[in-house]
Each structure stands twice: as structure tokens, then as C-alpha cells.
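Down below is the structure, laid out as C-alpha cells.
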Amino acid sequence: SQSRYTEIKKMENLRKEFVENASHELRTPLTSIKGYLETSSDDLSAGNLQHLPKFLEIISKNVNRLQFLVDDMMTLVTLEGGQNINKEEINLIKLTEDTLEKVMSLAVEKGIRIQYKCEVKTFWADPIKIGQVLTNLIENAIKYIQPGKEIQVRWLMSHREKGSEVILQVSDNGPGISEEHLHRLFERFYRIDKGRSRDAGGTGLGLSIVKHIVQGHGGQIQVESQLGEGTAFVCRFPIYR
Ligand code: ADP
């Protein structure tokens, strides 16, 4: 039928766009690696070792970027291919503390304080995937807020007539995000400031991975932000009985 055809066309276009964007993203670090390898090789032949340590450092940084990109792309493609959600009863205090432990050195280095509060103790979900959601949201906050600012992580429960939800809030008092960007933030490869994201080791895929995982659990993600005030990401997970 017509609508099925349109649907297939749309999927094809999305796939094409993804491959185009991905190739573009991969090309930047590759070009840099190629250039610095050539220069290093010329220097080496000329017996000029002075700049080699610097060049190797740049090459290594770009190899890491390639690694992050490929890892994030694989994660996203796997999530999009239909998710295997392995639900268990997650101990939220433990999950949150384990995640904070992983990111703590980054935060301390930047003078950022992280507070957390678990008003819900357990939650049936995929622990690895929910851990990734938490890690990506907290790492983003660490990357994009200014030194001395704060991050709050909060797990809470909301009881509604329609049913209950477990809510995860990750908020900060950082620079905030202006209105025009908010609705595109979860798109693949979308960044507000490409240069800054790259310097921070970003791939532009973190939030789309987060969104896929939340939706894979039947949930929804929202972002609220005010320029100069801070940003809050709110994930809502329905609880099925
Ligand atoms: P990236 O790899 O660039 O971090 P993401 O998909 O994780 O990609 O995030 C997309 C963009 O959203 C980032 O480039 C950044 O500009 C913005 N962003 C994400 N979290 C925050 C935050 N807590 N404060 C300000 N900007 C943020």
C-alpha cells in the first residue's frame, strides 16, 4: 500500500542519512591521523624528533575518538535493531553509587559536586541499559557545565491515576540550552557546539542512545532548560503490574 511504501522510503532515507553522517564523523579524525602520521614520518626521516611526542599525542586522541564513535554507533544500531531488554530488580542506590564511582574522577578534576537521592529503592529494568542512561546523562552534565557547578541525580516515584512511574532526574545548574536547540537534542549527531563536544570527547550520539533505551523500556524522556540557569533531563518509566 501507499503508506507502507512511504514508511519503507522513510526508513531508507534515515538509514542513508545515518551512513552519510557517520562517514562524515569518521572522516575528521581519520584525516587528522593521516596528516600527523605523514608529518611524523617526514620528521623521522629528517632526524627531527622534536615534535614527535606532540604528534603522537594528537594521533592517540583521534584514535580514541574513532573508538568512541564506533562504539556509540554500534550501540545505537543494536538498540535500533530491536532491544533485548533483560529485566531484573535493580538496586537503585547501588546502581547510582557504582555509576558515580566511574565518573567521579572526571567530576573531581573539574571541581563539580554530584549529589544523589533515591526515593525509590528498586526498579524492574535492564541494569546495564539503565546504567548507560545514568552514565551518559551524568557525563554530559560533567562535560558541559562550568567548574564549580553542581549535578543532582534523583530517583523518585510518581503515583497517577493511569498508573505509577519511576522517574529519573539528572539536573545541573550549568549554562543551560537555548530553546531553539531543545527539540533537536535527541537527534543522532546533533550538538550545539561541535568543537566543544569534540574536545570533550563527545560523539553526538549520547542522548539518542539514552532516548532509545528509555523508549525501549516503554518510557519517555524530556529536557527542560533555561539559558544561564541549568538543565534537567527527566526520564519517566511506567511500572507494569
Ligand atoms: P555529545 O557526544 O556531543 O555530548 P549528546 O547527544 O550526548 O552528544 O549531547 C548532545 C548535545 O547536547 C551536546 O553536544 C551538548 O551541546 C548538549 N548537552 C547535553 N547535556 C547538556 C547539559 N547538561 N548542559 C548543557 N548542554 C548539554
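What FRET efficiency would be calculated for the residue pair E7, V77, taking the C-beta separation as r and a Förster radius of 25 Å, to the nearest 0.05?
Plugging the Cβ-Cβ distance into 1/(1 + (r/R0)^6) gives 0.80.
Test of understanding: in a Gaussian network model of the chain with alpha carbons linked when under 10 Å, which of E57, E12, E229 would top the mean-square fluctuation ranking?
In the Gaussian network model the winner is E12.
If Rh is defined by the Kirkwood formula over all Cα pairs and Rg also comes from Cα, what ratio Rg/Rh do you get for region 160-227?
1.01
Roughly how many Å² of H51 are accessible to a 1.4 Å probe, to the nearest 10?
80 Å²
In the full protein assembly as shown, how much of Y36 is accessible to a 1.4 Å probe, in Å² to the nearest 10?
We get 70 Å² for Y36.
How large are Rg and Dmax for region 91-241 when only the alpha carbon atoms are used, in Å?
14.9, 46
With every protein chain left in place and a probe of 1.4 Å, what is the accessible surface of L52, to the nearest 10 Å²?
For L52, solvent-accessible area is about 30 Å².
Could you grab the Rg to Rh ratio for region 89-176? Cα atoms only, Kirkwood for Rh.
Over the Cα atoms of region 89-176, Rg/Rh equals 1.00.
For the pair R160/E17, report the inter-label distance in nm, with labels modelled 7 Å from Cα in the Cβ direction.
Modelled inter-label distance: 2.8 nm.
Which one, F55, S3, V103, is farthest towards the positive end of the dipole of region 1-110 when Lys and Arg carry +1 and Asp and Glu -1 on their Cβ?
Final value for the positive-end residue is S3.
Give me Rg/Rg_expected for region 52-140, where Rg uses Cα atoms only and Rg_expected = 2.2 N^0.38 Å with N residues.
Dividing the Cα Rg of region 52-140 by 2.2 N^0.38 Å gives 1.38.
Using a 1.4 angstrom probe, figure out how much accessible area the chain has per residue, in square angstrom, rounded to the nearest whole.
On a per-residue basis, 60 Å².
Which of H217, L182, L207 sits farthest toward the positive end of the charge dipole of region 164-241, with +1 on the Cβ of Lys and Arg and -1 on the Cβ of Asp and Glu?
The one lying farthest along the dipole's positive direction is H217.
Restricting the count to DSSP beta bridges whose residues both fall in region 1-155, what percent are antiparallel, rounded to a multiple of 5?
Rounded to the nearest five, the antiparallel share is 40 percent.
The values are calculated or read from the model by the stated rules, or taken from the named source; none is laboratory data. In this text the structure is predicted, and so the values were computed from the model without any measurement. Here Cβ is always computed from backbone atoms with ideal geometry, including for glycine, and neighbour counts include all displayed protein chains. Keep in mind that these areas ignore ligands, DNA and RNA; they rest on the heavy atoms of the full protein, side chains included. Shrake-Rupley method; radii C 1.70, N 1.55, O 1.52, S 1.80 Å.
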